[in-house]
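*Asks:* Below you'll find the structure I mean.
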Amino acid sequence: MVDSFEKIPVEILPTPQAGSSYAAKQIAELIKQKQKENQPCVLGLATGSTPIMMYKELIRLHKEEGLSFKNVITFNLDEYFPIKRDEYQSYWSFMHRNLFDHIDIDPKNIHVPNGELTKEEAKQHCIQYEQMIDDAGGLDLQVLGIGNNGHIGFNEPGASIFSKTRLTNLDNNTRVANSREFQNISKVPRLALTMGISTIMKAKRILLMAWGLKAQIVAKAVEGYVTEHVPASILQQHNNCTFILDEQAASELTRFKWPWLSGEIEWSPIMIKRAVVNLALKLEKPVLSLTTFDYNENGLGDLLVEKGDAYEINLQVFYLLRDSITGWPGGKPNAHLPAHPERSKPYPKRVIIFSPHPDDDIISMGGTFMRLHDQGHEVHVAYQTSGNIAVTDEFVTRFIDFAVGFEGLFNIDNEKSSEILAEAQNFLASKQPQQIDTSEIRAIKGLIRRGEAKATCRYVGLPEGRWHFQNLPFYETGSIEKNPMGEEDVKLTIELLRKIKPHQVYCAGDLADPHGTHKVCLDVVIESLKRIKAAGDDWVNDCWMWLYKGAWQEWDIADIEMAIPMSPDQVMKKRNGIFIHQSQKDTVPFQGSDNREFWQRAEDRNANTANLYAALGLTRYAAMEAFVRWKY
């Protein structure tokens, strides 16, 4: 059984969109079943970013396929405390904005914990909330997400399995993770009303959804011990709970990470590499020091049976690791190296680095970026989006004030710029949380990021004309939520690719971007290359695509196909290049649950990759940037 380590049933879909559609279908079928039985359908609902796509699909099913919610009664998991219902960040507002205002549910059937009460009133309210759920017949289905610390609802680590609806303290990690909805973490309430674990466990059926970077906590909940320190693990004791995951959130499950422990597998070179690398890291041994005993004692006896001597397997994996390391990301000229990650010819190459935001190039592959240029390749950077929502309001007034002062300094008429400054100051002074900036302010924020990107390219040494600002339309909504990939996004990318005809393309494979921009940007490039190939353009057959990570995570070392080593001086040069992006320094509005600045994340990940190679018996470098080739 491939899922023998899993103590909770798991459904794995390719993407969050597919997973959300699957969950919506389960809910829709339950609603229809209850309608046939002339009974109400009682749903427990969740908030946060995880269920948003599921709610969109439910709205689509209502509007396009006639799904009615007239028999649905809802109880939400939780609510901040204290908070006014009409505040943008309240879960009352969230649910109406993302679901209730778009379907035919009876308003009397909507229940969300009331964050407007006093503490004295809240205790009785929680008792009444439990009673209302019971009076409705109990929850037919409860939808859950999972926090980075394993919380469900706002039941933080340590919450009792017997807990009921109550007022509770929020863990600081939870407040950090939720701070993107507020101006800063100090604005995030420290308390919340939440259904208890026992309340959740009484639901007849539970669906827990998790996407992206939740892989480690998902594995603990699904395969680990039942413990109140990981509240989601308690769901192992429910008799009808399913985890719905995308492939990335499932990646730490045994069937994916250590499939040789789950049953028979095909021992391909990549699977052998993964198994041996994991074994070496687990035992803290260099690859070449692994013994037959090590293999047999750690579930890899079948590999020895199929492939023979342990030392021969060690050598095979050692050579794979060794050959992935190169100081020549564009290929080494005038050299015949069959095992080298890149081709020697043509040389020099035309290269496009696609950067989803105006700093991903230097953050994620700054050392490689500089090396490609220094080694004589024709390097272009395509900045796919403006990145304007990641500029704080303070930077806007600072730069407009500079423009006004600059014009005044040189006796240039600054009446218009002074007017723009005054309008911006007035707008920003009364700006509400989550309020979309005016088009003028968004344009200024985009200009700030373009200036930083240009300065970075000049710092690397690129001549004018080698940077391209695409401003892909899908991004330009003015809010965190973006549009899906559109035809115009693909058209703009095809035009650029055909203009340059690159031999190498670098793209962000860092799909853990909390707002999905990296995923859409990658999809745009892949779709563009596929169309160009289908159209018969000859050059595309000689174009290789390399995927980088770095802002949020790094490739698993067993998957790395090209590793670019960096000296201490190169690490410092990369850091200084990142510092050019001053609007992203110190305080970044949307950085997810990781409090470190981007330069710190990048350095830590690059150093960790180098340390892993060294631990496996390879040369120790200060840092390494890693890439995986995408074959389209």
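The values are calculated or read from the model by the stated rules, or taken from the named source; none is laboratory data. The structure presented is a predicted model; accordingly, all values stated were derived computationally and were not measured. So basically every Cβ, Gly included, is an ideal-geometry build from the backbone, and we count neighbours across all protein chains shown.
*Asks:* For region 376-386, give me each residue that is of a type in the set (S, T, N, Q) and either touching a Lys or Arg at 6+ places or on another chain (Cβ under 9 Å) or outside the structural domain of Tyr506 (by TED's automatic domain parsing) (or both). Can you show your working first?
*Replies:* Kept after step one, since they are of a type in the set (S, T, N, Q), are these residues of region 376-386: 384-386.
If the condition is that a residue be of a type in the set (S, T, N, Q) and either touching a Lys or Arg at 6+ places or on another chain (Cβ under 9 Å) or outside the structural domain of Tyr506 (by TED's automatic domain parsing) (or both), then Thr385, Ser386 are the ones that fit.
*Asks:* Okay, next question. Residues of region 157-186 being more than 18 Å from Thr50 (Cβ to Cβ), touching a residue at least 40 places away in the same chain (Cβ under 8 Å) and β-branched (Val, Ile, Thr), which ones?
*Replies:* Answer for region 157-186, where residues must be more than 18 Å from Thr50 (Cβ to Cβ), touching a residue at least 40 places away in the same chain (Cβ under 8 Å) and β-branched (Val, Ile, Thr): Ile161, Thr165.
*Asks:* Within region 177-199, can one find any residue that is among the β-branched types (Val, Ile, Thr), under 30 Å from Ser479 (Cβ atoms) and outside any helix (DSSP H, G or I)? Give the steps one after another, and end with the answer.
*Replies:* Just the residues of region 177-199 that are among the β-branched types (Val, Ile, Thr), to begin with: 185, 188, 194, 197, 199.
Next, only the ones that are under 30 Å from Ser479 (Cβ atoms) stay: 185, 188, 194.
Keeping just the survivors that are outside any helix (DSSP H, G or I) gives 188, 194.
Looking through region 177-199, at least one residue is among the β-branched types (Val, Ile, Thr), under 30 Å from Ser479 (Cβ atoms) and outside any helix (DSSP H, G or I).
*Asks:* Would it be correct to say that Pro463 is in the same structural domain as His581 (by TED's automatic domain parsing) and exposed (fewer than 12 other Cβ atoms within 10 Å of the Cβ)? Quick ask: steps written out before the conclusion?
*Replies:* On the way: in the same structural domain as His581 (by TED's automatic domain parsing): yes; exposed (fewer than 12 other Cβ atoms within 10 Å of the Cβ): yes.
Judged against the criteria, Pro463 is a match.
*Asks:* Another question, if that's okay. How many of the residues in region 467-508 are surrounded by fewer than 20 Cβ atoms within 10 Å (Cβ to Cβ), assigned to a helix (DSSP H, G or I) and either of a type in the set (D, E, K, R) or not assigned by TED's automatic domain parsing to the domain that holds Glu561 (or both)?
*Replies:* The qualifying residues number 6.
*Asks:* Let me ask something additional. If only one of Ile420, Ile389, Ile412 is aliphatic (A, V, I, L, M) and part of a loop (DSSP other than H, G, I, E, B), which one is it?
*Replies:* Numbers: Ile420 fails: part of a loop (DSSP other than H, G, I, E, B); Ile389 fails: part of a loop (DSSP other than H, G, I, E, B).
Of Ile420, Ile389, Ile412, the one residue that is aliphatic (A, V, I, L, M) and part of a loop (DSSP other than H, G, I, E, B) is Ile412.
*Asks:* Here is a follow-up. Restricting to region 363-386, and then to whatever is among the hydroxyl-bearing types (Ser, Thr, Tyr) and assigned to a helix (DSSP H, G or I), can you tell me which residue is surrounded by the fewest Cβ atoms within 10 Å (Cβ to Cβ)? So that I can check it myself, show each step before the final result.
*Replies:* From region 363-386, those among the hydroxyl-bearing types (Ser, Thr, Tyr) are 364, 368, 383, 385-386; that's our starting set.
If we keep only those that are assigned to a helix (DSSP H, G or I) as well, we get 364, 368.
Numbers: Ser364: 32, Thr368: 27.
Applying the filter and picking the extreme gives Thr368.
*Asks:* Right, something else. What is the number of the single condition among (1) in a helix (DSSP H, G or I); (2) modelled with pLDDT under 95; (3) under 21 Å from the mean Cα position of the chain (by Cα); (4) surrounded by fewer than 21 Cβ atoms within 10 Å (Cβ to Cβ) that Leu522 does not meet?
*Replies:* It is condition (4) that Leu522 fails.
*Asks:* Among all residue pairs at least 6 apart or on different chains, which show Cβ distances below 7 Å where the first residue, located in region 302-325, is within 23 Å of His340 (Cα to Cα) and the second is of a type in the set (Lys, Arg)?
*Replies:* That search, which allows pairs on different chains as well, returns Ile313/Lys307; Val317/Lys273; Leu320/Lys273.
*Asks:* Next question, about the same structure. Ala339 fails exactly one of the following numbered conditions: (1) of a type in the set (A, V, I, L, M, F, W, C); (2) more than 30 Å from Tyr459 (Cβ to Cβ); (3) touching a residue at least 12 places away in the same chain (Cβ under 8 Å); (4) part of a helix (DSSP H, G or I). What is the number of that condition?
*Replies:* Checking Ala339 against (1) of a type in the set (A, V, I, L, M, F, W, C); (2) more than 30 Å from Tyr459 (Cβ to Cβ); (3) touching a residue at least 12 places away in the same chain (Cβ under 8 Å); (4) part of a helix (DSSP H, G or I), the one that fails is (4).
*Asks:* List the strands (runs of 3 or more DSSP E) inside region 28-96, counting only whole elements, that have at least 3 residues being touching a helix residue (DSSP H, G or I) at 6+ places or on another chain (Cβ under 8 Å) and closer than 30 Å to Gln432 by Cα.
*Replies:* On the way: elements: 41-45, 72-76, 78-81.
The strands (runs of 3 or more DSSP E) meeting that bar are 72-76, 78-81.
*Asks:* So, one more: Regarding Gly509, is this residue at positive phi and of a type in the set (Gly, Ala, Ser)? I'd like the intermediate steps shown before the answer.
*Replies:* Values: at positive phi: no; of a type in the set (Gly, Ala, Ser): yes.
No, not satisfied.
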